[in-house]
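This report refers to the structure that appears directly beneath it.
The values are calculated or read from the model by the stated rules, or taken from the named source; none is laboratory data. Not measured: the values here are computed from a predicted model. Note that we place each Cβ from the backbone using ideal geometry, even for glycine, and neighbour counts take in every protein chain shown. The protein model used for the area step is the full one, side chains on, heavy atoms only, and it has no ligands, DNA or RNA in it. Shrake-Rupley method; radii C 1.70, N 1.55, O 1.52, S 1.80 Å.
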Amino acid sequence: MKVTYYGHSCFSVDVGGINLLFDPFITGNPAAEHIDISTIQADFILISHGHEDHILDVEAIAKRTGAKLISNYEIISWFKEKGIENGHGMNLGGAFAFDFGKVKYVNAVHSSSMPDGRYGGNPGGFVVTPTGSRTSFYYSGDTALTYDMKLIGETEEIEFALLPIGDNFTMGARDAVRCAELVGTHTIIGLHYNTFAPIKIDIAKTRQLFDETGKTLLLPEIGETIEV
Ligand code: NI
Ligand code: MN
């Protein structure tokens with residue numbers, strides 16, 4: 001699968017020619033200033049929770065591309081009031097079969113409010129199982145390590161996981177390794193690090209930590225596309 005990193009927690013995953021964009025926060029990220037959001041393709045935009053560093057560019061990209069939003073019910077309702085009618089609301093524990101594959105909205109231990117202070121529903125993550133595939137991938141969203149992750153590994157075969165490693169607001173690298181063990185994957189794409197001062201990490205030390213546990217940590221450059 002082709003995965004493109006747009007900085008912070010924003011990734012695009014090409015699932016059989018359908019582009020899934022996760023948590024777009026690009027124009028507010030100085031490290032991503034070389035990314036022109038008017039060039040980003042999106043058929044679906046998946047939103048883990050309401051914080052600004054996950055939704056800032058949703059409106060612009062959705063209005064230009066006509067992408068369908070997938071998130072919790074409250075976030076979909078909030079965007080509807082902004083004129084984005086094309087949305088699919090879910091809630092925790094629920095799965096839905098889209099034409100590209102199945103999406104399950106899974107528990108995240110975090111918070112979720114909209115930039116205007118409105119309630120942003122429960123924060124979540126996504127398990128995506130492409131149509132015809134035996135395996136899935138897991139995008140955790142902002143979350144603490146939680147034993148609920150074990151349930152994901154018990155029911156799905158996770159090929160790779162996109163996990164926060166920046167600590168402070170989410171799990172750090174050590175807990176991301178434990179999360180990977182719970183969901184049963186060896187391949188982790190790191191996110192939610194180095195964007196802000198409290199989530200600055202030592203890349204060399206972080207890589208070493210993953211190496212010691214036999215896990216593969218992928219840290220694509222902003223704008224880079226990798227094959228996973
Ligand atoms: Ni957050
Ligand atoms: Mn965040």
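So between ASP99 and GLU33, what do we pick up on full extension, going 0.36 nm a residue minus the alpha carbon distance?
Numbers: separation 66, 0.36 × 66 = 23.76 nm, distance 3.29 nm.
Computed gain between ASP99 and GLU33 is 20.5 nm.
A cut-off of 5 Å between modelled amide H atoms, ignoring neighbours fewer than 5 places along the same chain, links HIS88 with LEU69, ILE70, SER71. Picking from VAL15, VAL177, VAL58, which is most flexible by a Gaussian network model of the chain using Cα springs under 10 Å? Among VAL15, VAL177, VAL58, the largest GNM mean-square fluctuation belongs to VAL15. One chain, two ends: GLU181 and THR225. Fully extended at 0.36 nm per residue, the span grows by 13.3 nm beyond their Cα-Cα distance. Calculated mean residue ellipticity, 222 nm, the chain: -6000 deg cm²/dmol, from DSSP H runs (n ≥ 4) at -39500 (n - 2.57) each, averaged per residue and rounded to 500.
Of PHE25, PHE96, the residue with the largest accessible area leads and the full order is PHE96, PHE25 (1.4 Å probe).
If you count Lys pairs in the range 2-219 whose Cα atoms are under 19 Å apart, skipping same-chain pairs closer than 8 places in sequence, the total is 10. Ordered by solvent-accessible area of protein heavy atoms (1.4 Å probe), largest first, the residues SER77, SER9 come out as SER77, SER9. Between the alpha-carbon centres of the range 74-111 and the range 136-214 there is a gap of 22 Å. Computed from the C-beta positions of ILE203 and ASN168, the FRET efficiency with R₀ = 22 Å rounds to 0.85. Each residue of the range 119-135 was assigned a 3J(HN,Hα) from its phi angle through the Karplus expression (A = 6.51, B = -1.76, C = 1.60, θ = phi - 60°), giving 4, x, x, 7, x, x, x, 10, 10, 10, 10, x, 3, x, 9, 7, 10 Hz with x at Gly and Pro. Taken one residue at a time, the phi angles of the range 162-171 give Karplus couplings (6.51, -1.76, 1.60, θ = phi - 60°) of 9, 10, x, 10, x, 6, 6, 9, 9, 5 Hz. Gly and Pro are set to x.
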